[in-house]
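S.K.: To start, I am sharing the structure in question, which I have written as structure tokens.
The values are calculated or read from the model by the stated rules, or taken from the named source; none is laboratory data. The structure displayed is predicted, hence computed values, not measured ones. Glycine also receives a Cβ, built like all others from the backbone with ideal geometry; neighbour counts cover every protein chain displayed. The protein model used for the area step is the full one, side chains on, heavy atoms only, and it has no ligands, DNA or RNA in it. Shrake-Rupley method; radii C 1.70, N 1.55, O 1.52, S 1.80 Å.
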Amino acid sequence: MLIIVSTWFVYLFVILSYFYVIIHVVYKVGDVLLPGDVFSFQMPESITDSKPEKVVCGPGLRRNGDEVLVCKSGILRHKQPNLYWIDSQQRRYVPGKGESVIGIITAKSGDIFKVDVGGSEQASLSYLAFEGATKRNRPNVQVGDLVYSQFIIANKDMEPELVCIDSCGRANGMGVFGAGGLLFKVSLGLVRRLLAPQSEIAKDLEKMFPFEIVVGMNGRVWVKSKTIQQTLIVANLLESCENMTAQQRQTLFRRVADGSI
Amino acid sequence: MKPLSGFRSYCLYLTISVRSAIQTKEGTGVMPSSLSVQMTTQISNVKSPRQSSSFLFTSTMDVCASSSPTLREFGCEQNLLSRPDGSSSFVQGDTSVLAGVYGPAEVKVSKEIYDRATLEVVMQPKVGLPGVRERAREQCVRETCEASLLSTLHPRSSLTLVLQVVHDDGSLLSCFLNSACMALMDAGLPMSCLFAGVTCAIDTDGQVITDPNAAQEKESRALMTFAIDSTERRVMMSSTRGSFTVHELQQCIAVSQKASDKIFQFYRDSVRRRYSKTL
């Protein structure tokens, strides 16, 4: 039985601004763009027949005065009706609000835990941010534990903060986990593909053998299976299917499933 | 026609070599001034036991028309190292450089800047410890990178760029700049523009040679390296040695701007090739 402990696939969109410009998209969706390319610009006033549109810019696009510039290299993606973003491959995680990540407790100080999430700063996690935790009933969390938690504050100016409860006060799958199992790191693109609603990689993995998996948006994945061998097989498969096309991946999975013990 | 000897492939993946067909085997007398490049592509797909994500892309432009600058054959590879967040290898003729980028990562409180990222460039020569020459070059690369990176998006964090000389056969600073740009792109750091490094040498006759090798550099009367940006082809950084007139300087800048077109097109093609598997 496959248990995937993960939240919905959330792509953090920094909505820069809604601005009324007449969009003239120079590049097609699916093109590979480089930093410095101009994505759109304001047309002169003479063209009045086209209606002004609102555009929501996601990761990789930045507004610079009247222009929208590309700031990361990657593929231009589009989602109806007016959402554009750059799909880039990256390894280093930058905290974003609302994202669920796997963190490692590094220190206890005062009323908070310090958690390493793989970003530029350590995040803080309060004692009271666990289900059923009160001042007298402290949660049983030690240094070195793995926690699956969510960011409530994550911007470039402040220290990031995590919580292990949702807005109703329930754990909802978050909290300390990880007795046994293996934690390893993959690229952020693979993690997004795993967490997508109709993920093909997840479907292919389900057919192999039962295992438990926790996927954090910071590129960390935790896997546990019945035997150590199966755990290692799943870990190696995930690490290696980053740069394969769908067909290569399916042949590899089939080969492993046929030859697996 | 310059032979392709001296170029080694680091990994066994798709390689494409583009040769220009202006020079025939017998040699031609007068070069046509208009460029007609015939592309012949050879694709050799070699299977490897471990899939890795590095993509190798090479390009040769061996044009001898008087109006276009001649660059040695160059090639690059991205994402070849497993520990850094971004890495690249850039080869220009026989000069070869490896670059690795770490960031945005934790920074020491003494070095942190409250509103921008702290960029640190470390240059390792092929033999010996880094000296004053490496420090001067580090500063050139650091100024260029800081001008093109959007470092205000990551305040109080550190970006480290490590450059390692694999082989030095002239035009080293421009090779550093090119590999730094590819490594920063590979790491996914937000940039406002790309930059390309071009080296020009003025020899004793007054001729301008682009992308000189070590022998040409030694005999030159002046050596200039420019970093050109991709949006408006302006000069971001210049490092010169030797004596030259103002007119010669302007001529070299013009030649560098023209040469940077080819380098930017090469960046675009190699990134496109890198993302071709996930398209």
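S.K.: Having 1 or more residues that are in contact with an Asp or Glu (Cβ under 7 Å, 6 or more places away or on another chain) and farther than 18 Å from A:K156 by Cβ is the bar; report the strands (runs of 3 or more DSSP E) wholly within the range A:95-136 that clear it.
M.R.: Those strands (runs of 3 or more DSSP E) span A:100-109, A:123-126.
S.K.: So, one more: For the range B:236-260, how many residues meet the condition of being part of a helix (DSSP H, G or I), away from chain A (no Cβ under 14 Å) and in contact (Cβ under 8 Å) with a residue 24 or more places away in the chain?
M.R.: Residues that pass the stated criteria total 10.
S.K.: What number goes with the only condition from (1) open to solvent by 20 Å² or more (accessible area, probe 1.4 Å); (2) without any contact (Cβ under 8 Å) to a residue 60 or more places away in the chain; (3) touching a strand residue (DSSP E or B) at 6+ places or on another chain (Cβ under 9 Å) that A:R255 does not pass?
M.R.: The number of the failed condition is (3).
S.K.: Residues A:G219, A:G169: which one is under 22 Å from A:V141 (Cβ atoms) and open to solvent by less than 60 Å² (accessible area, probe 1.4 Å)?
M.R.: Working: A:G219 fails: under 22 Å from A:V141 (Cβ atoms).
Just a single option satisfies the conditions, and that option is A:G169.
S.K.: Tell me the residue from B:R137, B:R142 that is crowded, with 20+ Cβ neighbours inside 10 Å, more than 13 Å from the chain's Cα centre (by Cα), of a type outside the set (A, V, I, L, M) and not in a strand (DSSP E or B), please.
M.R.: B:R137
S.K.: Then there's this: Which residues, counting only those in the range B:97-135, are without any contact (Cβ under 8 Å) to a residue 40 or more places away in the chain and more than 14 Å from every other protein chain (Cβ to nearest Cβ)?
M.R.: Answer for the range B:97-135, where residues must be without any contact (Cβ under 8 Å) to a residue 40 or more places away in the chain and more than 14 Å from every other protein chain (Cβ to nearest Cβ): B:S110, B:V127, B:G128, B:L129, B:P130, B:G131, B:V132, B:R133, B:E134, B:R135.
S.K.: May I pose another question? Condition test on B:M236, is it touching an Asp or Glu at 6+ places or on another chain (Cβ under 6 Å) and either basic (K, R) or within 17 Å of B:A136 (Cβ to Cβ) (or both)?
M.R.: Against the criterion (touching an Asp or Glu at 6+ places or on another chain (Cβ under 6 Å) and either basic (K, R) or within 17 Å of B:A136 (Cβ to Cβ) (or both)), B:M236 qualifies.
S.K.: When the residues of the range B:179-208 are filtered to those that are assigned to a loop (DSSP other than H, G, I, E, B) and in contact (Cβ under 8 Å) with a residue 40 or more places away in the chain, which remaining residue is nearest to A:G74 (Cα to Cα)? Write out each step before concluding.
M.R.: First pass over the range B:179-208, keeping only residues assigned to a loop (DSSP other than H, G, I, E, B): B:187-190, B:192-194, B:203-207.
Filter once more, keeping what is in contact (Cβ under 8 Å) with a residue 40 or more places away in the chain: B:187-190, B:192-194, B:206.
Values: B:A187: 12, B:G188: 9, B:L189: 12, B:P190: 12, B:S192: 14, B:C193: 14, B:L194: 14, B:G206: 43 Å.
So the residue we want is B:G188.
S.K.: Name the one entry in B:A183, B:A196 that is crowded, with 23+ Cβ neighbours inside 10 Å and out of contact with any Gly (no Cβ under 8 Å at 6 or more places or on another chain).
M.R.: B:A196 is the lone residue from the list that is crowded, with 23+ Cβ neighbours inside 10 Å and out of contact with any Gly (no Cβ under 8 Å at 6 or more places or on another chain).
S.K.: Here's something else I'd like to know. Only one of (1) within 14 Å of chain B (Cβ to nearest Cβ); (2) at pLDDT below 90; (3) not in a loop (DSSP other than H, G, I, E, B) is not met by A:Y84, so which one is it?
M.R.: Just one mismatch for A:Y84, condition (1).
S.K.: Take the residues in the range A:137-161 that are surrounded by 15 or more Cβ atoms within 10 Å (Cβ to Cβ) and not in a strand (DSSP E or B), then tell me which one is farthest from the other protein chains (Cβ to nearest Cβ).
M.R.: A:P139
S.K.: Okay, moving on. Out of all the residues in the range B:199-213, which are among the polar types (S, T, N, Q) and open to solvent by less than 10 Å² (accessible area, probe 1.4 Å)?
M.R.: Step one: of the range B:199-213, the residues among the polar types (S, T, N, Q) are B:199, B:204, B:207, B:210, B:213.
Correct list: B:T199 only.
S.K.: Mind checking which residues of the range A:58-81 are in contact with an Asp or Glu (Cβ under 6 Å, 6 or more places away or on another chain) and either more than 10 Å from chain B (Cβ to nearest Cβ) or part of a loop (DSSP other than H, G, I, E, B) (or both)?
M.R.: Of everything in the range A:58-81, those that are in contact with an Asp or Glu (Cβ under 6 Å, 6 or more places away or on another chain) and either more than 10 Å from chain B (Cβ to nearest Cβ) or part of a loop (DSSP other than H, G, I, E, B) (or both) turn out to be A:L76, A:R77.
S.K.: Restricting attention to the range A:92-122, and to residues there that are under 27 Å from B:R274 (Cα atoms) and in contact with a Gly (Cβ under 7 Å, 6 or more places away or on another chain), which single residue is nearest to the other protein chains (Cβ to nearest Cβ)?
M.R.: A:R92
S.K.: On the basis of being within 20 Å of the chain's Cα centre (by Cα), within 23 Å of B:S87 (Cβ to Cβ) and away from chain A (no Cβ under 14 Å), does B:G197 make the cut?
M.R.: Judged against the criteria, B:G197 is a match.
S.K.: Follow-up question, since we're still on this one. Condition first: open to solvent by less than 40 Å² (accessible area, probe 1.4 Å) and either within 17 Å of the chain's Cα centre (by Cα) or under 15 Å from A:P35 (Cα atoms) (or both). Now tell me which residues in the range A:73-86 satisfy that.
M.R.: A:S73, A:G74, A:I75, A:L76, A:W85, A:I86
S.K.: Quick check on A:K97: is it at pLDDT 90 or above and surrounded by fewer than 22 Cβ atoms within 10 Å (Cβ to Cβ)?
M.R.: yes
S.K.: Please indicate, with yes or no, whether at least one residue in the range B:225-235 is open to solvent by less than 50 Å² (accessible area, probe 1.4 Å) and either part of a loop (DSSP other than H, G, I, E, B) or more than 30 Å from A:V38 (Cα to Cα) (or both).
M.R.: Yes: the range B:225-235 contains one or more residues that are open to solvent by less than 50 Å² (accessible area, probe 1.4 Å) and either part of a loop (DSSP other than H, G, I, E, B) or more than 30 Å from A:V38 (Cα to Cα) (or both).
S.K.: Find the residue count for the range B:160-180, including only residues that are open to solvent by 10 Å² or more (accessible area, probe 1.4 Å) and closer than 24 Å to A:S88 by Cβ.
M.R.: Initial filter on the range B:160-180 (open to solvent by 10 Å² or more (accessible area, probe 1.4 Å)): B:160, B:162, B:164-169, B:172-173.
Then keep just the ones that are closer than 24 Å to A:S88 by Cβ; that gives B:160, B:162.
The total comes to 2.
S.K.: So which residues in the range B:102-134 are exposed (fewer than 15 other Cβ atoms within 10 Å of the Cβ) and either of a type in the set (K, R) or in contact with a Cys (Cβ under 8 Å, 6 or more places away or on another chain) (or both), if there are any at all?
M.R.: Those that are exposed (fewer than 15 other Cβ atoms within 10 Å of the Cβ) and either of a type in the set (K, R) or in contact with a Cys (Cβ under 8 Å, 6 or more places away or on another chain) (or both): B:K108, B:K111, B:K126, B:R133.
S.K.: Also: Condition first: over 28 Å from A:G118 (Cα atoms) and aliphatic (A, V, I, L, M). Now tell me which residues in the range A:70-100 satisfy that.
M.R.: Correct list: A:L83 only.
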